[in-house]
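The values are calculated or read from the model by the stated rules, or taken from the named source; none is laboratory data. Quantities reported herein were computed from a predicted structural model and do not represent experimental measurements. Because the Cβ atoms are built from the backbone with ideal geometry, glycine has one as well, and the counts that use them run over all protein chains shown. Keep in mind that these areas ignore ligands, DNA and RNA; they rest on the heavy atoms of the full protein, side chains included. Shrake-Rupley method; radii C 1.70, N 1.55, O 1.52, S 1.80 Å.
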Amino acid sequence: MTQNARDGARRPGDDALVGLNARFARPLRSFFRKRAYNEQEAEDLVQEVFVRLAARGPAAQMEHAEAYIFQMAANLLRDRARRHATRSAGDRDLEAGDGKSFEEISPERVLLGKQRLALLERVLGELPERTRVVFLLHRFEELKYAEIARRLEISVSSVEKHMMEAMRRIKARFERD
């Protein structure tokens, strides 16, 4: 539970988001039911639309809300179809393969992996603290730049700069060692 939720505080635009939910939840459900495999998936997709809207910022400033929301819904369906196609293709490859398509996990590969991991840990330890935190939040906690910016109270541009710096240093070190 967020601090705002505990304190009963509301963010600017929450009322507008509630209004959009009241206005569009039912039509979105219908839209997704016609295109999704089951009722639960349709509900999850409706929920995802409103999660993305909440993350977007103040809903009160949104022009052409209906077009925006249904375009977002269509994009969610496209993303879902891509994930499903990718997963299906991977499953087919595994079923069609003779098991020899994967590289063998040899002691040499295990040792190389451990050495590369140790090198990454050293490089991360050498990064400035803020850069390291940004990198870890994005790569290991899988947070989006905007969420990292909110958490650390910095701009998204700063997050991007920290990520570029971290990647530059990691790449340079791996190329050198």
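Overview of values
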| item | result |
| --- | --- |
| Solvent-accessible ranking of Met164, Met72, largest area first, probe 1.4 Å | Met164, Met72 |
| Lys161 - accessible surface, heavy atoms, 1.4 Å probe, Å² rounded to 10 | 130 Å² |
| Efficiency of FRET between Lys161 and Lys34 - r from beta-carbon atoms, R0 45 angstrom, step 0.05 | 0.55 |
| Computed FRET value (nearest 0.05) for Ala54 with Asp177, which takes r as the C-beta separation and R₀ as 30 Å | 0.10 |
